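Presented below is the structure to which this report refers.
Rule-based calculations on the coordinates, nothing more; no lab input. Keep in mind it's a predicted model, so treat the numbers as computed, not measured. Here the Cβ positions follow ideal geometry from the backbone for every residue, glycine too, while neighbour counts run over all protein chains shown.
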Amino acid sequence: MRTPLVAANWKMNGSREFAEQFFAAFDMSGVGCQVVVCPPFPYLPLVADKVGSGVSVGAQNLSQEASGAYTGEVSAAMLLDWGVDYAIVGHSERRSLYGESSELVAQKFVAAQSAGLIPILCVGETLAERESGRTLEVIAAQLQAVTDVAEGDIWAHAVIAYEPVWAIGTGKTATPEQAQEVHRFIRERLGEAGAPVRILYGGSVKAGNAEALFAQADIDGALVGGASLDAEEFARICRAA
Ligand code: PEP
């Protein structure tokens, strides 16, 4: 019922040459899931030109504002102009390095969705929050911030990524059971609207651990950072979904 989705988050990595080489090496044969590639802003048009059928383009961030005197910002409408379909909002690096609150993330979610982009909403707990038994409380609050401001059937056109902060870029992956527990919790929190929502896992996903994660009932794909910079490994992750 839910088409699996695997998204590449290149973060602030790559170059024109890298993007050319990535798509020359990226082999979609045997890939049955939906694939989204999220490069840095300047490479969005290049990636939009490169992607073939079955691959969509995503941005890693966007402004909550529609237009105006916001130096350095990029609006949802501009992303649509570039052929972008998805936008990551609330990545833990944006939350921790750039001070993005759950309220701001919710505004970005609304800006993306109102313009016609599909937000990929990232939620996740820190190690301290997990160790103090607050994981589900933190996830619930991050979801609540969005439902407080977004209106209508918001989950029909959204993707959620559960990304435990302690697993991002650290080589430590949540066990499939740890991830499944949170994914199920998220789906249950969404109530009836939750059944069709794709909930991705993110945090040191690699070709070697993808299959076990994807075997869990509520894990519908992955948001992949480091391993998405290697076209062959990323294709292997996509094939596992
Ligand atoms: C991410 O950036 O969303 C991520 C999950 O990174 P990594 O796969 O490198 O842990």
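Kindly establish whether residue 84 is touching a Phe, Trp or Tyr at 6+ places or on another chain (Cβ under 7 Å), β-branched (Val, Ile, Thr), within 30 Å of residue 170 (Cα to Cα) and in contact (Cβ under 8 Å) with a residue 24 or more places away in the chain.
Details: touching a Phe, Trp or Tyr at 6+ places or on another chain (Cβ under 7 Å): no; β-branched (Val, Ile, Thr): yes; within 30 Å of residue 170 (Cα to Cα): yes; in contact (Cβ under 8 Å) with a residue 24 or more places away in the chain: yes.
Against the criterion (touching a Phe, Trp or Tyr at 6+ places or on another chain (Cβ under 7 Å), β-branched (Val, Ile, Thr), within 30 Å of residue 170 (Cα to Cα) and in contact (Cβ under 8 Å) with a residue 24 or more places away in the chain), residue 84 does not qualify.
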*Just wondering, is there one or more residues in the stretch 81-89 that are within 18 Å of the chain's Cα centre (by Cα), within 13 Å of the ligand (Cβ to nearest atom) and part of a loop (DSSP other than H, G, I, E, B)?*
no
*Please work out which residue is nearest to the ligand (Cβ to nearest atom), limiting yourself to the stretch 1-17 and to residues that are in contact (Cβ under 8 Å) with a residue 24 or more places away in the chain and not in a loop (DSSP other than H, G, I, E, B).*
9
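If you check 102, 96, which single one turns out to be surrounded by fewer than 20 Cβ atoms within 10 Å (Cβ to Cβ), touching a helix residue (DSSP H, G or I) at 6+ places or on another chain (Cβ under 7 Å) and closer than 20 Å to residue 223 by Cα? Working first, answer last.
Values: 96 fails: touching a helix residue (DSSP H, G or I) at 6+ places or on another chain (Cβ under 7 Å).
After applying the criteria, what remains is 102.
Report whether or not residue 213 is more than 9 Å from the ligand (Cβ to nearest atom) and either in a loop (DSSP other than H, G, I, E, B) or surrounded by 24 or more Cβ atoms within 10 Å (Cβ to Cβ) (or both).
So residue 213 passes the test.
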*Test for residue 195: is it more than 21 Å from residue 36 (Cα to Cα) and either among the hydroxyl-bearing types (Ser, Thr, Tyr) or touching a residue at least 24 places away in the same chain (Cβ under 8 Å) (or both)*: yes
*asked:* Condition check: assigned to a helix (DSSP H, G or I) and either among the acidic types (Asp, Glu) or within 20 Å of residue 198 (Cβ to Cβ) (or both). Does residue 141 satisfy that?
replied: no
*Counting only residues that are buried (at least 19 other Cβ atoms within 10 Å of the Cβ) and over 29 Å from residue 116 (Cα atoms), which one in the stretch 133-179 is nearest to the ligand (Cβ to nearest atom)?*
167
